[in-house]
1. Could you tell me whether S53 is modelled with pLDDT under 95, within 22 Å of the chain's Cα centre (by Cα) and polar (S, T, N, Q)?
2. Residues that are of a type in the set (K, R), in contact (Cβ under 8 Å) with a residue 12 or more places away in the chain and surrounded by fewer than 12 Cβ atoms within 10 Å (Cβ to Cβ): does segment 12-20 have at least one?
3. Looking at V18, is it in a helix (DSSP H, G or I) and β-branched (V, I, T)?
4. When you look at L59, is it in contact with a helix residue (DSSP H, G or I) (Cβ under 9 Å, 6 or more places away or on another chain), in a helix (DSSP H, G or I), open to solvent by less than 70 Å² (accessible area, probe 1.4 Å) and not basic (K, R), yes or no?
5. If the requirement is being in contact (Cβ under 8 Å) with a residue 12 or more places away in the chain, of a type in the set (A, V, I, L, M) and out of contact with any Ser or Thr (no Cβ under 9 Å at 6 or more places or on another chain), which of these qualifies: A6, A62, A28, A49?
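The values are calculated or read from the model by the stated rules, or taken from the named source; none is laboratory data. Note that the coordinates shown come from a computational prediction; the quantities given were computed from them, not determined experimentally. Cβ placement follows ideal geometry from the backbone for every residue including glycine, while neighbour counts extend to all protein chains displayed. For accessibility, only protein heavy atoms count, side chains too; no ligands or nucleic acids. Shrake-Rupley method; radii C 1.70, N 1.55, O 1.52, S 1.80 Å.
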Amino acid sequence: MSYFGAEVDMYRRAAVFVDKILKGAKPAELPVEQPTRFELVINLKSAKAIGLSIPPTLLARADEVIE
């Protein structure tokens, strides 16, 4: 299982920061941001290999299920 910030959103925000820096902003003065959207990915093959059973409610909430 993995719970992390949505990669696509982080790449978009990074592009905004690069744009600001290229336009003359000082990197030290840019605000620190935290992800606002998270993704839950569950690898069922790995879970079964180590003997874990994932509840159906958790599988339903996952953004991606790797079988």
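1. Answer is no for this residue.
2. no
3. yes
4. yes
5. A62
Residue-wise test of (1) surrounded by 11 or more Cβ atoms within 10 Å (Cβ to Cβ); (2) of a type outside the set (D, E); (3) out of contact with any Lys or Arg (no Cβ under 7 Å at 6 or more places or on another chain).
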{"position": "A6", "(1), (2), (3)": "yes, yes, no"}
{"position": "G24", "(1), (2), (3)": "no, yes, yes"}
{"position": "Q34", "(1), (2), (3)": "no, yes, yes"}
{"position": "I42", "(1), (2), (3)": "yes, yes, yes"}
{"position": "A47", "(1), (2), (3)": "yes, yes, yes"}
{"position": "G51", "(1), (2), (3)": "no, yes, yes"}
